[in-house]
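The values are calculated or read from the model by the stated rules, or taken from the named source; none is laboratory data. Predicted model, so just to flag it, every value in this text is computed and none were measured. Positions of Cβ are generated from backbone atoms using ideal geometry, with glycine treated the same way; all protein chains shown enter the neighbour counts. For the accessible areas, the whole protein counts, side chains as well, though only heavy atoms, and no ligand, DNA or RNA atoms are used. Shrake-Rupley method; radii C 1.70, N 1.55, O 1.52, S 1.80 Å.
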Amino acid sequence: MTTAQDTGTRQRPDAATVRRWLAVVTDPEIPVLSLEDLGVLRDIHWQDDTLMVVISPTYTGCPAMDRMRADIEATLRAKGVEKLHIREQLQPPWTTDWITGKGLAALQAYGIAPPRRSGEVRCPQCGSANTTLISRFGSTACKAMHKCEDCLEPFDHFKCH
Amino acid sequence: MNTAVPAQTQAADRREYALRLGDNALILGQRLSEWCGHGPFLEEDIALTNLSLDLIGQAQLLLDLAASQVPDDPFSDADKLAYLRDAHQFRNALLVEQPNGDFAHTILRQYLMDVHDEKLYSALASSQWPALADIARKVLKEIRYHKQHSGDWLHRLGQGTEESHARLQKALDDLWFYTPELFESDALNQRLQEAGVAPDMADIERQWRSEVEPAIQQAGLRLPESGWRATGGKKGHHSEHLGYILAEMQFLQRAYPGCEW
């Protein structure tokens, strides 16, 4: 009996442990941002013998979501999780307000202006707020292109969404 | 996906309605993707393909919803619906399948659809069909962003050079009579409206006109007057253009059924 329970416990890491494992899964387009920092990882729980991972898609057509799902699965399989279900949840819709403080700082350090609730776009190189929109769309669904009018560097802005 | 469905609606009706929405997004997205590598300048090339990507993502949600309504549907997911149906089985409005034409045609068509989508999905956000309401609230954020882009261009081209103005007016003259179809209401719309699933299209049309008409005037354009109107998409009666779109979009799955990569 005792052995069986031990096995059961070993097979069922708690949510905090799973969250820690998933810290290595990052946005393939912005590798400094983990799923948790991006606000995509919404819930982790056990439903009977199945580990349920609930994620919120960022943009509906973002191809990075497929990759993130595959990376979550590979990471958890490598940790020995056998029964796994990754569920996409649309409601409430993902918003850049869910990006963590750590995530915002990581974006900035990586050279991408983070979304600010005020709507202000600051140059990630020199910090100036004297910036101009070049294009509402950029290399990924989540970014727009801007230019700094002080240091003249072009840069990506993670759009408020 | 929330699988609860509103009482007093039929699965076939829900499937059909989700197809209309999903096919509009899919065909417009496919059209816009033709601009990849051909945009008037790099940033706009990227913008048009970003719009395309969002629309194809929206189509995937809506077509998966359509596919999940009727048990044993031979088109059991979004991919099968997109790649294996023939033209007469598509339910998109004729406007979205029209050729891209020049940039003025593309951006005007986009603006007309963006405002339509914004009004429609704002209403659908409170649909009694929970799965559809969830999708509506999700895609609305993307649609509003698209509208800022197409709306800006409407004004810039209309008030730009003589050339840009003339091209935009030509686009309006060519495309305007495809817009009434977007607001047509048939028996299906009526049934879903009564069930609180879909809005009154006359109301959506009023909202659309009250935004689009002043914007067109502010862009310095003249609204066309002739009375003809194109119709047929909801019944699967399409222009010859849809066949060419499908020939390209579906080629791989037709030639190599079930191919994955």
Go through region A:130-157 and flag every residue whose accessible area shrinks by 10 Å² or more with all protein chains in place compared to the isolated chain (probe 1.4 Å).
A:134, A:135, A:136, A:137, A:138, A:141, A:145
Work from the charge dipole of the protein assembly as shown (Cβ charges, +1 for Lys and Arg, -1 for Asp and Glu, about the Cα centre) and give the residue of B:149, B:207, A:40 farthest towards its positive end.
A:40
Which residue, A:28, B:110, B:84, has the largest displacement toward the positive end of the dipole of the protein assembly as shown when charges sit on each Cβ (Lys, Arg +1; Asp, Glu -1)?
A:28
Proximal charge balance of residue A:25 [Cβ under 11 Å; K/R count +1, D/E count -1]:
-2
How much accessible surface area, in Å² rounded to 10, belongs to the heavy atoms of residue A:83 with a 1.4 Å probe?
100
Non-local residues with an amide H under 5 Å from the amide H of residue A:84, with H modelled 1.01 Å from N and Pro and chain starts lacking one, are A:51
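How much accessible area per residue does region A:98-158 have, counting only protein heavy atoms and a probe of 1.4 Å, in square angstrom?
47
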Assign one of three labels to region B:112-193, namely rounded, prolate or oblate, based on the Cα gyration tensor with a ≥ b ≥ c the square roots of its eigenvalues; rounded applies when a/c is under 1.5, prolate when it is not and a/b is larger than b/c, and oblate otherwise.
oblate
Considering only protein heavy atoms and a 1.4 Å probe, what is the carbon-and-sulfur percentage of the accessible area of the protein assembly as shown?
51
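Assign one of three labels to region B:112-261, namely rounded, prolate or oblate, based on the Cα gyration tensor with a ≥ b ≥ c the square roots of its eigenvalues; rounded applies when a/c is under 1.5, prolate when it is not and a/b is larger than b/c, and oblate otherwise.
Verdict is oblate for region B:112-261.
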Rounded to the nearest 5, the percent of DSSP beta bridges in the protein assembly as shown running antiparallel is 70
For B:128-138, A:110-120, ranked highest to lowest by mean beta-carbon neighbours within 10 Å, the order is B:128-138, A:110-120
HN-Hα J couplings of region A:22-31 from phi, Karplus 6.51/-1.76/1.60, θ = phi - 60°, integer Hz, Gly and Pro as x?
6, 4, 7, 7, 10, 5, x, 7, 10, x
Asked for the total accessible area buried by B and A (1.4 Å probe, Å², nearest 100), one would answer 2000
Could you tell me what a quarter of the Cα convex hull surface of region A:1-141 works out to, in nm² with one decimal place?
9.8
Which of A:140, A:75, A:60 moves most in a GNM of chain A, Cα contacts under 10 Å?
A:60
Averaged over B:147-153, number of beta-carbon atoms from partner chains that fall within 10 Å:
1
I want the local charge near residue B:40. Using Cβ-Cβ distances under 14 Å, sum +1 for each Lys or Arg and -1 for each Asp or Glu among the other residues.
-4
Hey, which of these cross-link pairs are over 23 Å Cα-Cα: A:159/B:170; A:143/B:147; A:102/B:141; A:102/A:143; B:147/B:170?
A:159/B:170; A:102/B:141
Based on C-alpha coordinates, I'd like the Rg and Dmax of the protein assembly as shown, in Å.
23.2, 86
Rounded to the nearest 20 debye, dipole of region B:11-255 from Cβ charges on Lys, Arg, Asp, Glu
300
For region A:43-161, what is the charge dipole size about the Cα centre, in debye to the nearest 20, if Lys and Arg each add +1 at the Cβ and Asp and Glu each add -1 at the Cβ?
160
With the other protein chains left in place, how much accessible area per residue, in square angstrom, belongs to region A:2-94 at a 1.4 angstrom probe?
50
Taking square-rooted eigenvalues a ≥ b ≥ c of the alpha carbon gyration tensor, is region A:68-156 rounded, prolate or oblate, where a/c under 1.5 means rounded and, failing that, a/b exceeding b/c means prolate?
prolate
Charge dipole of region A:54-161 about the Cα centre (unit charges at C-beta), most positive-ward option of A:118, A:135, A:61:
A:61
Mean per-residue count of partner chain Cβ within 10 Å for B:133-140 equals 4
Which of the residues in region A:51-73 show a loss of at least 20 Å² in accessible area from their chain by itself to the complete set of protein chains, at a probe of 1.4 Å?
A:59, A:60, A:61
If you find the alpha carbon centre of region B:125-182 and of region A:100-158, how far apart are they in angstrom?
27
For residues of A:92-104, the mean tally of beta carbons on other chains within 10 Å:
1
Rounded to the nearest 20 debye, what is the charge dipole size of the protein assembly as shown about its Cα centre when +1 sits on each Lys and Arg Cβ and -1 on each Asp and Glu Cβ?
760
